[in-house]
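Before any comments, here is the structure.
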Amino acid sequence: MIRLRSLREERKINQQKIAMDLQISQASVSKYEVGSAEPDIGTIIKLSEYFHVSTDYFLGVSETKIPLQKSDLSDAEIKHLVTYRALTKAQKERVSAYIQGILDEQES
C-alpha cells in the first residue's frame, strides 16, 4: 500500500502490532507495504479506520487525510467543491485569488 508504511511509522508502531490489532498476519502487512500483495476492500477499510484516515488518503488518491463529512456542507457547498476539484491547478489559483480579493474588500 502506498501509505501504509508511512502511517505506521508516523504512529511509531511495528507491523506485528497492526497485525495483532486487526487480526491479520504480519506477513500480510509486510506484503502490503512492499506492494507484493494488495488487501481486499474490507482490509483497506479496517486499515483506514485503524489509522483514522480516509480510504482515498490511504490508497494515495487524495492528500486529505480526513475528508469533510457531507453533513458538514450545504448542497451548494458540495456543488462548488465538486466543481473546484475538477479545475486545473492554474484555474484553482485564479479562484483562490478571486476569493482572497473578495475577503480583502470586506476588510477595508
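The values are calculated or read from the model by the stated rules, or taken from the named source; none is laboratory data. Keep in mind that this is a model prediction, so the values were computed, not measured. Please note: Cβ atoms are built from the backbone with ideal geometry, for glycine as well, and neighbour counts cover all protein chains shown.
Details
- Per-region count, segment 4-26, residues exposed (fewer than 15 other Cβ atoms within 10 Å of the Cβ) and either part of a helix (DSSP H, G or I) or in contact (Cβ under 8 Å) with a residue 24 or more places away in the chain (or both): 9
- When each of SER48, SER25 is tested for being modelled with pLDDT of 95 or more and among the hydroxyl-bearing types (Ser, Thr, Tyr), the lone residue that passes is SER25.
- Subset of segment 32-50 [outside any helix (DSSP H, G or I) and hydroxyl-bearing (Ser, Thr, Tyr)]: SER36
- Lone qualifier among VAL53, VAL29 - being surrounded by 16 or more Cβ atoms within 10 Å (Cβ to Cβ) and not in a helix (DSSP H, G or I): VAL53
- All positions within segment 85-102 that are within 24 Å of GLU63 (Cβ to Cβ) and of a type outside the set (Gly, Ala, Ser): ARG85, LEU87, THR88, LYS89, GLN91, LYS92, GLU93, ARG94, VAL95, TYR98, ILE99, GLN100
- In segment 57-84, of all residues being in contact with a Lys or Arg (Cβ under 9 Å, 6 or more places away or on another chain), modelled with pLDDT of 85 or more and not in a loop (DSSP other than H, G, I, E, B), the one that is surrounded by the fewest Cβ atoms within 10 Å (Cβ to Cβ) corresponds to TYR84.
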